[in-house]
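What follows is one structure encoded as structure tokens, with my remarks underneath.
Bear in mind that the values in this text are calculations on the coordinates, not laboratory data. Please read all numbers here as calculations on a predicted model, not as lab measurements. Cβ sites come from the backbone with ideal geometry, for glycine too, and all protein chains shown count toward neighbours.
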Amino acid sequence: MYLIEKYKNFLPINSDTPLISMGEGFTPLVKSRNIVKDIGCKELYFKLEGCNPSGSFKDRGMVMAVSKALEKKAKKIICASTGNTSASAAAFGAYCDLETIVLIPEGKISLGKLSQTVAYGAKIISVRGNFDQALNLVKEIADKQDSIELVNSLNPNRIHGQKTGAFEIVDELGYSPDYMVLPVGNAGNITAYWEGYKIYHDLKNIELPKMTGFQAMNSAPIVNNAPVKNPQTIATAIRIGNPASWNQAKNALEESNGSINAIEDDRIIEAYKHIASMEGIFVEPASSITIAGLYDMKNKNYDFSGQSVVCVLTGSGLKDPGFAETYLELEQQIIDPDINALEEILLV
Ligand SMILES: *Cc1c(COP(=O)(O)O)cnc(C)c1O
């Protein structure tokens, strides 16, 4: 069954809404075997959102936004993007025969995400500026032109679709985790998960998790309670200085008795390598901030004993080959195709 079909009672779907799917959602919830011991919690799960068709969680929201665009008979979709939104929009645009226009901050999106967007056939416009400025432009044009549908997370249908991540976690575990950990960029996902949990809370009487967000140190407007004019971080997917869902995220953090903290880039890079080598999970840097963040809390003497924790690993490590090239050192030995040479290395 399609994702938006399964959860249609909680989504803005009516008889005119076309039910589409590229295979998004139903992503694995993988139990940690190793990092869980360092954190000292009862259980730690990773929600592998990199397994979505375009390689990030953005597909959950995009499928809903594009279904609604089709319902409205829109011909074009547009977004500003740090990379994954454009890849997702372009994929659904190609699938649904919509023209896709993406505005990206010049030079600031990863090669993998850009390659996808090119391959899917979107029209790419590079803006000499940052994400926040690109977002202002697409808002303005979508306001002016009815035939162009905005598919950034300002579009409420995106948030609706992304709620399904929370539903899946509760459906699989049978309860909510105590801590729901997410990276925070434009703050749409943390908003969506909180809405999802509240819906299930009302319906199924489950407990609510503490929403636990992390922003990069020099790109941390919500942590510092002030917009960042020129946000900087190696985690390009969360390089956002003025989040669109700022208020909703604050609300989620307050209502859930949660927390949001800033993490140094060096810790993000460390965690990027650590989760791959400790758990066999390769994620992009924005996703690894959740792991860096858990270690940071642990180092600040947070007591996780008896607690269950779920980290949303938002995107695949394959998204960012340039990052891998810069931050991973390739150590290898080169031999002739000769068994003696191989034995010499392996049997010493
Ligand atoms: C978009 C994105 C984020 C940030 O999500 P928001 O909803 O903007 O807070 C984090 N990680 C990845 C991989 C993303 O693509």
Q) Which residue, Ala91, Ala192, Ala119, has the most motion in a Gaussian network model of the chain that connects Cα atoms within less than 10 Å? A) Ala119
(Q) I need the shape label for region 46-202. Rule: rounded when a/c is under 1.5, else prolate if a/b > b/c, else oblate, with a, b, c from the alpha carbon gyration tensor. (A) prolate
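To make sure I understand, if each residue's beta carbon is the centre and we count other beta carbons within 10 Å, what order do Ile4, Ile206 fall in, fewest to most? Walk me through the intermediate numbers first.
Values: Ile4 25, Ile206 15.
So the residues, fewest neighbours to most, are Ile206, Ile4.
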Q: Sort region 148-221 into rounded, prolate or oblate with this rule: let a ≥ b ≥ c be the square roots of the eigenvalues of the Cα gyration tensor; rounded if a/c is under 1.5, and if a/c is not under 1.5, prolate when a/b is larger than b/c, oblate otherwise.
A: oblate
Q: Could you let me know the centre-to-centre spacing of region 232-300 and region 140-202, using Cα atoms, in angstrom?
A: 17 Å
**Q.** Integer Hz, Karplus 6.51/-1.76/1.60 couplings in order for region 242-255, x for Gly and Pro
**A.** 9, x, 5, 9, 3, 4, 5, 5, 4, 4, 4, 5, 5, 4
Q. Can you run phi through the Karplus equation (6.51, -1.76, 1.60; θ = phi - 60°) for region 293-300 and list ³J(HN,Hα) in whole Hz, with x for Gly and Pro?
A. x, 5, 4, 4, 5, 4, 5, 8
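Output the relative contact order of the chain, whole-number percent, from Cα pairs under 8 angstrom with separation of 6+ residues.
Working: 701 pairs, mean separation 69.7, N = 348.
Once normalised by length, the contact order is 20 percent.
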**Q.** Set Lys47/Lys319; Lys58/Lys319; Lys250/Lys298; Lys139/Lys198 screened for pairs whose C-alpha atoms are more than 20 Å apart
**A.** Lys250/Lys298; Lys139/Lys198
Q. For the chain, with equal point scatterers placed on the C-alpha atoms only and solvent neglected, what are the log10 I(q)/I(0) values from the Debye formula at q = 0.08, 0.11, 0.14 1/Å, to two decimals?
A. -0.37, -0.69, -1.09
Q.
Tell me which of Ala122, Leu173, Pro321 sits at the most positive position along the dipole axis of the chain, charges placed on C-beta atoms (Lys, Arg +1; Asp, Glu -1).
A. Ala122
(Q) Quick query: amide H of Ala262 versus all other amide H atoms, modeled in the peptide plane; which residues come in under 5 Å with a sequence gap of 5 or more or a different chain? (A) Gln215
Q) So what is the relative contact order of region 55-166, in percent, for Cα pairs below 8 Å that sit 6 or more residues apart? A) 38 percent
Q | Longest to shortest principal axis, alpha-carbon extents of region 173-273, angstrom | A | 42, 31, 19
Q | Phi to ³J(HN,Hα) by Karplus 6.51 cos²θ - 1.76 cosθ + 1.60 over region 121-127, Hz, x for Gly, Pro | A | x, 7, 7, 10, 10, 8, 9
Q | Sequence of Asp265, Asp59, Asp16 once ranked by neighbouring C-beta atoms within 10 Å, starting from the fewest | A | Asp16, Asp265, Asp59
Q. Once Lys and Arg get +1 and Asp and Glu get -1 on their Cβ, which of Leu103, Ile39, Pro18 lies farthest toward the positive end of the dipole of region 1-113?
A. Ile39
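How do Asp320, Asp303 line up, fewest other C-beta atoms within 10 Å first? Could the numbers behind the result be given before it?
Details: Asp320 27, Asp303 10.
Listing Asp320, Asp303 from fewest to most nearby Cβ atoms yields Asp303, Asp320.
In debye to the nearest 20, how big a dipole does region 222-332 give about its Cα centre with +1 on each Lys and Arg Cβ and -1 on each Asp and Glu Cβ? Intermediate values should be presented prior to the final figure.
Working: 8 positive and 14 negative charges, 77 e Å.
Roughly 360 debye, rounded to the nearest 20.
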**Q.** Helix-only [θ]222 nm of the chain, DSSP H runs n ≥ 4, -39500 (n - 2.57) each, per residue, nearest 500
**A.** -13000 deg cm²/dmol
